[in-house]
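Take a look at the structure below.
The values are calculated or read from the model by the stated rules, or taken from the named source; none is laboratory data. None of these values were measured; they are calculated from a predicted model. Cβ placement follows ideal geometry from the backbone for every residue including glycine, while neighbour counts extend to all protein chains displayed.
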Amino acid sequence: MRAGRTAKRTGLWGTGLAMLVLGLFVVTTGAAAQGMDAPGAGSQFQKRSIQVQGQATMSVEPDVAYLRLGVETQGDTLAKAQGQLAERASKVLDALSQAGIDRTNMKTSSYRVSPVYSTRQDKQNVIIGYRAETTINVEVADLSSVAGLVDAAMNAGANVVRSISYDRKDMQTFKVQLIQAACMDAKMKADAAAAAFGAQVGAPVSVDIQDSFSAREAGNVMMMKAAAPDFLSPGELDIGVSVSVEFDLRVE
């Protein structure tokens with residue numbers, strides 16, 4: 001009886017061991033087969049690209065000027081300062097209108113009142129009056145009239161020329177042209193660099209555009225006016241676009 005049981009147990013143990021060995025063989029063989037079917041599967045695909053800068057600039061003549069004329073008054077009471085400001089600003093607007101500027105091209109902005117202090121001997125600040133100020137914004141189409149308009153405004157009561165700037169109303173048209181020219185410049189540089197290495201440029205991956213289209217300021221108007229009579233000559237506006245483009249790079 002014991003011999004029979006021992007033989008039976010031995011047979012079961014042998015069968016289990018054979019199945020375990022067979023399972024290990026199958027797993028090992030499968031792993032080896034996967035390695036043979038995908039050689040170099042652990043290698044990573046390397047992207048090839050080239051990044052270049054493109055620039056385009058041009059000079060254009062301005063066709064509009066923007067004046068910011070300040071009117072400032074001071075009185076011993078708030079009512080007096082405000083009354084004087086309203087009177088002066090009205091005279092400036094009338095003078096500009098008589099000089100040929102349409103009322104729709106003149107606007108007042110940044111109205112402000114503030115107390116004026118004086119320091120006594122006991123170092124206490126006391127209010128001795130009030131200051132009132134406003135800014136008149138003027139759009140001028142006839143650039144040759146800018147100097148005369150400034151004189152007319154100053155004679156009528158304006159006492160501060162905050163700024164004079166020149167711009168171009170159709171600047172958007174030039175912006176499109178410059179962007180296209182800058183992109184063509186970038187493509188030319190990419191083609192030249194790729195050819196030097198026996199490669200070819202593919203489609204663009206990304207494009208970053210930076211432009212400079214700000215209006216030109218006339219600078220310190222009062223100082224320039226004293227230095228030269230033609231200080232308000234508009235000159236030309238220098239505008240430009242810079243692009244950064246990344247292209248796919250194909251290597252044959």
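Would you mention how many residues in region 150-165 are buried (at least 16 other Cβ atoms within 10 Å of the Cβ) and more than 21 Å from SER110 (Cα to Cα)? The total comes to 1.
Can you find a residue in region 127-141 that is exposed (fewer than 14 other Cβ atoms within 10 Å of the Cβ) and free of Cβ contacts under 8 Å to residues at least 24 places away in the same chain? Yes, region 127-141 contains a residue that is exposed (fewer than 14 other Cβ atoms within 10 Å of the Cβ) and free of Cβ contacts under 8 Å to residues at least 24 places away in the same chain.
Of all residues in region 71-82, exactly one satisfies the criterion of being in contact with a Gly (Cβ under 8 Å, 6 or more places away or on another chain) and over 11 Å from TYR130 (Cβ atoms), namely VAL71. Exactly one residue out of SER109, SER206, SER114 is without any contact (Cβ under 8 Å) to a residue 24 or more places away in the chain, out of contact with any helix residue (DSSP H, G or I) (no Cβ under 8 Å at 6 or more places or on another chain), surrounded by fewer than 13 Cβ atoms within 10 Å (Cβ to Cβ) and among the small types (Gly, Ala, Ser): that is SER114.
Would you point out the residue of region 139-192, among those that are assigned to a helix (DSSP H, G or I) and acidic (Asp, Glu), that is nearest to ASP248 (Cα to Cα)? So that I can check it myself, show each step before the final result.
Initial filter on region 139-192 (assigned to a helix (DSSP H, G or I)): 143-156, 171-192.
Restricting the remaining residues to those that are acidic (Asp, Glu) gives 151, 185, 191.
Working: ASP151: 59, ASP185: 17, ASP191: 11 Å.
Looking at the filtered set, the residue picked out is ASP191.
Evaluating LEU178 against the criteria (1) assigned by TED's automatic domain parsing to the domain that holds MET106; (2) crowded, with 18+ Cβ neighbours inside 10 Å leaves one unmet condition, (1). Of everything listed in (1) assigned to a strand (DSSP E or B); (2) farther than 20 Å from ALA147 by Cβ, the single unmet condition for GLU87 is (1). Has region 164-187 got at least one residue that is aliphatic (A, V, I, L, M), within 30 Å of LEU85 (Cβ to Cβ), touching a Pro at 6+ places or on another chain (Cβ under 6 Å) and modelled with pLDDT of 90 or more? There is no residue in region 164-187 that is aliphatic (A, V, I, L, M), within 30 Å of LEU85 (Cβ to Cβ), touching a Pro at 6+ places or on another chain (Cβ under 6 Å) and modelled with pLDDT of 90 or more.
Would you call ARG168 surrounded by 17 or more Cβ atoms within 10 Å (Cβ to Cβ), at negative phi and of a type outside the set (Phe, Trp, Tyr)?
Numbers: surrounded by 17 or more Cβ atoms within 10 Å (Cβ to Cβ): yes; at negative phi: yes; of a type outside the set (Phe, Trp, Tyr): yes.
Judged against the criteria, ARG168 is a match.
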